[in-house]
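The values are calculated or read from the model by the stated rules, or taken from the named source; none is laboratory data. Given the structure is predicted, the values throughout are model-derived calculations rather than measurements. No Cβ is skipped: glycine too gets one built from the backbone with ideal geometry, and neighbour counts run over all protein chains shown. Surface areas here come from the heavy atoms of the whole protein model, side chains and all, with no ligands, DNA or RNA. Shrake-Rupley method; radii C 1.70, N 1.55, O 1.52, S 1.80 Å.
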Amino acid sequence: MGSGKTPFTTITSSIRNFLTMKLLVLLLVAGLATAMPRKGNRPNGPKQEKEDPSTIIRCMAENWQNGESQIKACRDCFKAVDETDEGLTKAKECVSQFLKMENEACATEIAALESFEDEEKGMAVIECFDATLEKANNERCLQESQSTDVAGQLTDGSMCVMDSWKYGMAYVKNATRGPGGRGKRPRAGKKGKQMKGQVMKLITKAHCNLASEGDETKSTECLQCFSAAVKLGKQGKGKGGRGKKEMSPEMVSAMTSCSEQHLNPKYTKCTTMMKDTTADKKDTHKCYMRVLVNNLVIKCSDGVSEATP
């Protein structure tokens, strides 16, 4: 392609122009935002130096096959870097030793960076790092697809990429909890919970809009049904307890009814999974998201004959 973009990157870029994909991305961003430690919400204990979440992600992405000790060694290497000339030399050594894929792909940008004060060249290095990991992740996700058609492969790839984002967010959250992973979890706070709630409403609206096929009345009735179901509440650990709260039986029943009444037939498979008490809840959630993603992929993949990263 003349622009240098491949079908997979073209489609993922085009999808972002659609409201529903923006909602998906927003959901992931909200998850990351609420997962990160905040000022005033840190575990009890000695004050810890801040660690860049992107560095944790890079160290994990490039060293996970060698085990947790290698990931830690990578993180410790970058923690020892300060913003001096010696620190820059140290940083480049860390990249060479632990981020081999990025070191090879971004050799030109790394060599051009001679001072931390050169923000433009520093940003060029970071952008190259991000593009390298993104491309590698896209390749891995497409290779893992079991689908035989282009739309199915791209849908598999998109779902895989979102799963990897979620995994990365969870990994960073656990890695920044404190020594030994002990201590209180960083809480999202009132604003974080409100944001997550609003995002979930938007995602529900996206499902309703898709199932209603443009009928505003049906979409509104669908959204009202799910809103009423959510108000039935959750059950589980109380304040100060550990673990997430689970949906109450009444809430599950109401949401299943809403899915059957308002989201079928497009979401029939997912509704069946909702009714099955033995079905894995994460798989059920993925089913709903897959329907949404697949619809967007189909809209954007017209004319694409091959799924490539």
Being in contact with a helix residue (DSSP H, G or I) (Cβ under 6 Å, 6 or more places away or on another chain) and either surrounded by fewer than 19 Cβ atoms within 10 Å (Cβ to Cβ) or farther than 16 Å from L133 by Cβ (or both) is true for just one of A91, A112. Which residue is that? A112
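Within segment 61-80, take every residue that is among the hydrophobic types (A, V, I, L, M, F, W, C) and under 26 Å from A131 (Cβ atoms) and give me the one that is surrounded by the most Cβ atoms within 10 Å (Cβ to Cβ). Before you say what the answer is, go through the steps one by one.
Pass one, segment 61-80, residues among the hydrophobic types (A, V, I, L, M, F, W, C): 61, 64, 71, 73-74, 77-78, 80.
Filter once more, so that each one left must be under 26 Å from A131 (Cβ atoms): 61, 64, 71, 73-74, 77-78.
Details: A61: 19, W64: 12, I71: 21, A73: 16, C74: 23, C77: 19, F78: 19.
Step by step, filter segment 61-80, then rank; the result is C74.
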What are the residues in segment 198-214 that are open to solvent by 60 Å² or more (accessible area, probe 1.4 Å) and either hydrophobic (A, V, I, L, M, F, W, C) or not in a helix (DSSP H, G or I) (or both), if any? M200, L202, E213, G214
For G236, which of the numbered conditions (1) within 30 Å of D76 (Cα to Cα); (2) at pLDDT below 90 fails to hold? (1)
When both residues are 6+ apart or on different chains and their Cβ atoms are under 7 Å apart, which pairs have a first residue that lies in segment 137-152 and is within 12 Å of E306 (Cβ to Cβ), and a second that is among the aromatic types (F, W, Y) and outside any loop (DSSP other than H, G, I, E, B)? L142/F8
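Residues in segment 91-100 that are farther than 14 Å from V125 by Cβ and touching an Asp or Glu at 6+ places or on another chain (Cβ under 8 Å): how many? Break it down into steps so the answer makes sense when it comes.
Our first condition is that a residue be farther than 14 Å from V125 by Cβ; within segment 91-100, this holds for 93, 97-98, 100.
Adding the requirement that they be touching an Asp or Glu at 6+ places or on another chain (Cβ under 8 Å) leaves 98, 100.
Residues flagged as farther than 14 Å from V125 by Cβ and touching an Asp or Glu at 6+ places or on another chain (Cβ under 8 Å) within segment 91-100 amount to 2.
May I ask you to verify whether K184 is part of a loop (DSSP other than H, G, I, E, B), open to solvent by 70 Å² or more (accessible area, probe 1.4 Å), over 17 Å from L292 (Cα atoms) and at pLDDT below 65?
Details: part of a loop (DSSP other than H, G, I, E, B): yes; open to solvent by 70 Å² or more (accessible area, probe 1.4 Å): yes; over 17 Å from L292 (Cα atoms): yes; at pLDDT below 65: yes.
Criteria met by K184.
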Can you spot a residue in segment 248-261 that is at pLDDT below 90, touching a strand residue (DSSP E or B) at 6+ places or on another chain (Cβ under 8 Å) and in a strand (DSSP E or B)? no
Those residues of segment 140-160 which are among the acidic types (D, E) and crowded, with 19+ Cβ neighbours inside 10 Å, in sequence order: D156
